[in-house]
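To start, the structure itself, in C-alpha cells.
The values are calculated or read from the model by the stated rules, or taken from the named source; none is laboratory data. A quick note: this is a predicted structure, and the numbers were derived from the prediction, not measured. Please note: Cβ atoms are built from the backbone with ideal geometry, for glycine as well, and neighbour counts cover all protein chains shown.
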Amino acid sequence: MFARVWAWALGDVAVKKADSADDKVKEGCCPGKPFITFYTEPSVVMNLTNPQPSRGLLEITIPIYEGDTSVKIAARMTRAESSRVKDASSVTLLRYEDPESGWRKIPDMTKIMDGKVEIEPDQTFHVDTATGKVSISVQGSKMDVGTRMLYLLSD
C-alpha cells in the first residue's frame, strides 16, 4: 500500500506499508501504532519578485524542489501567502533571459516582459543542491534559471 496525499501545511504525505521501510520502522511499528518518519526533500530557496506596480507582495521566498512545475510553485505561493495570492491559476512565472545579470538591470515599468521569458506549465525544474542552482527543461535541454525569478498576478 502506497498513497500520496497533499497536506495543507506539509508538502507531501506518503503512507507506506511497514515492510517497504527500513529496519528501524519495521521494529517500531505494530498494528494500531503507526511509526511516523519526517524528512525534508532537497531544495533550493529562490526569491520571486513581482514587477507589477501597486501590488501588495513585492517579493516572496519559495523552496524549489526537483521535478517542480510552475503550477506546483504557484500552489506553494498560494499556501505561503494566502492573504495576498488568492488563486494559484492567476500566477504566471517568468525567468530572466540572462540569469546572471538580468535581475540587476533597472526595470522599465512600461515594458515588463523585456528580457524575460514565461515559464510554461509543462516545463520541469531541476535543482542542484550542492551548487544552489536551479535549471529548467526547455524542449529537451536544460536552461539555467539563476537565483531569482519573477511572477505576475492576473486580476
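Observations, loosely collected:
- If you go through the range 27-43 and keep only what is surrounded by 10 or more Cβ atoms within 10 Å (Cβ to Cβ) and in a loop (DSSP other than H, G, I, E, B), you end up with Cys29, Pro34, Phe35, Thr37, Glu41, Pro42.
- One residue from Thr78, Thr131 being outside any loop (DSSP other than H, G, I, E, B), of a type in the set (Ser, Thr, Tyr) and in the same structural domain as Thr49 (by TED's automatic domain parsing): Thr78
- Single residue of the range 48-65 satisfying the filter (part of a strand (DSSP E or B) and out of contact with any Phe, Trp or Tyr (no Cβ under 9 Å at 6 or more places or on another chain)) that is nearest to Thr131 (Cα to Cα): Pro63
- If you go through the range 66-75 and keep only what is surrounded by fewer than 20 Cβ atoms within 10 Å (Cβ to Cβ) and not in a helix (DSSP H, G or I), you end up with Glu66, Gly67, Thr69.
- Candidate set from the range 46-60 (those that are aliphatic (A, V, I, L, M) and surrounded by 12 or more Cβ atoms within 10 Å (Cβ to Cβ)); member that is nearest to Lys111 (Cα to Cα): Leu48
- Number of positions in the range 84-104 that are at pLDDT 85 or above and among the basic types (Lys, Arg): 1
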